[in-house]
Every structure is written in structure tokens, then in C-alpha cells.
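The values are calculated or read from the model by the stated rules, or taken from the named source; none is laboratory data. Values in this document were obtained by computation on a predicted structure and should not be read as measured data. Cβ: placed from backbone, ideal geometry, glycine included. Neighbour counts: every protein chain shown. Surface areas here come from the heavy atoms of the whole protein model, side chains and all, with no ligands, DNA or RNA. Shrake-Rupley method; radii C 1.70, N 1.55, O 1.52, S 1.80 Å.
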Amino acid sequence: MPYLDAHKWQRSLLTERIHDPNLDDVLILLEHPPVYTLGQGSNSDFIKFDIDKTQYDVHRIERGGEVTYHCPGQLVGYPILNLQRYRKDLHWYLRQLEEVIIRVLAVYGLQGQRIPAFTGVWLQGRKVAAIGIKVSRWITMHGFALNVCPDMTGFERIVPCGISDKPVGSLAEWIPEITCQEVRFYVAQSFAEVFGVELVESQLEGFFQSE
């Protein structure tokens, strides 16, 4: 799904839930065409090309964090959660998102790690999942990106998340045949466990019909 379509979808879900906090929470899981995004106040020095004269798709958006890259083969999760149902604590929420990824890696016998002072999940020193969120009235948007089997060359044009001394990696380096479709199931399952929710599969028609 194009990045701006997903962003518009998130914003509409967020706005609905600000007006009616009783609406169900939503977890969006998808892939994007190649796109670079910069968080609020992120440093454009971390981009190695001229963003004013480029053929690449680049967007500055309202999440926290520095520049990141999305592309096919990377599974992106956008939880739209009312944290008043869970815990009104953003550090807790970030650790929960990391825990979801760590549990997914454990399914494959891989030991995901946290690094103090950073947000995200690492495998043997390589960052395989990035996290950046935005919260309005305790309702979340944006989320996490897990490198499953992407073309990693797009990351060479940036300093991912502003961390220059720690390389990025993808699960395909450890599990060559892995696919996003397969990992999507485990992400949904782990998310339900970590947040103590029941997931109900939903379709997108409602969003697109309202266009």
C-alpha cells in the first residue's frame, strides 16, 4: 500500500477513536513500495541524497524517531490502540512492541535483543526492527517495521534511525526462504498475546469505499 494511503487511513482511524473512544482497536499489517520517512525534528543530515532533487519518495511525518526506509519485504505494523485500556505509559508501550518482535524471532529459534538507550530489536548486533510512534489523547499511530526479506540497498542511502555505528539486517540473512506472509501470522499471534487481545481479521473495503 502506498505510504500516504496508509498514513491517511491511520489518521482517519485515530480521529474516529478520539471522537468515540469505545471503538475497537486496530492492527494494520502491510508492506509499502520504496519510501523514506523522517520523524518530527529528525536530522536531514542522516539522508545521503538531496531530498529536494531526488526521484525517491520522501515524507516528513509526525512520529518520533529519525529517518527510516520502507520497501516490499519489510512487514510494517500500525497499531491504533487506546492506551487507556492498557497502560498510560509510552515507555511501557514501546517495550511491548519490542516484545512482540522478540517473540516472533523466538518462533524461528532466534534471540532478539534490546539495546538500552535505543528503541527497536537487534539480532546479533544488526537492527532488524525499527519502532516510531505518535500518540494523541492516548491513542497510538505509526508503529514498527520488521525487515523480513527486503532489498537492503535502500538503507545504504541513509543513516537508519540516525545510528551510524550499528548495521541494519533482515531475517532472510538467518532464514533464506522466509516471507512476509508467513511472518505476518506470527506477528498477529504475538501481538494478541503481548497485549492480551483477541484479533478479528478485517478487510479494507470500508476505508477505500469512503474515498
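Residues that are part of a strand (DSSP E or B) and surrounded by fewer than 20 Cβ atoms within 10 Å (Cβ to Cβ) within the range 60-69 comprise just one, 60. When the range 118-141 is filtered for residues that are over 18 Å from residue 40 (Cα atoms), in a strand (DSSP E or B) and open to solvent by 40 Å² or more (accessible area, probe 1.4 Å), only 126 remains. Anything in the range 3-43 that is open to solvent by less than 40 Å² (accessible area, probe 1.4 Å), of a type in the set (A, V, I, L, M) and in a loop (DSSP other than H, G, I, E, B)? List them, or say none. Once the filter is applied, which keeps residues that are open to solvent by less than 40 Å² (accessible area, probe 1.4 Å), of a type in the set (A, V, I, L, M) and in a loop (DSSP other than H, G, I, E, B), the range 3-43 yields nothing. Answer yes if at least one residue in the range 44-57 is under 18 Å from residue 156 (Cβ atoms), assigned to a loop (DSSP other than H, G, I, E, B) and among the polar types (S, T, N, Q), and no otherwise. Within the range 44-57, one or more residues are under 18 Å from residue 156 (Cβ atoms), assigned to a loop (DSSP other than H, G, I, E, B) and among the polar types (S, T, N, Q). Output the residues belonging to the range 70-117 that are part of a loop (DSSP other than H, G, I, E, B), touching a residue at least 40 places away in the same chain (Cβ under 8 Å) and either among the aliphatic types (A, V, I, L, M) or open to solvent by less than 30 Å² (accessible area, probe 1.4 Å) (or both). Result: 71, 73, 81, 110, 115.
Residues in the range 186-211 that are open to solvent by 90 Å² or more (accessible area, probe 1.4 Å), at pLDDT below 95 and either touching a helix residue (DSSP H, G or I) at 6+ places or on another chain (Cβ under 6 Å) or in a helix (DSSP H, G or I) (or both): 205, 209.
Within the range 142-162, being part of a strand (DSSP E or B) and either of a type in the set (A, V, I, L, M, F, W, C) or out of contact with any strand residue (DSSP E or B) (no Cβ under 6 Å at 6 or more places or on another chain) (or both) holds for 144, 145, 146, 158. Of all residues in the range 144-167, those that are at pLDDT below 95 and open to solvent by less than 40 Å² (accessible area, probe 1.4 Å) total 8.
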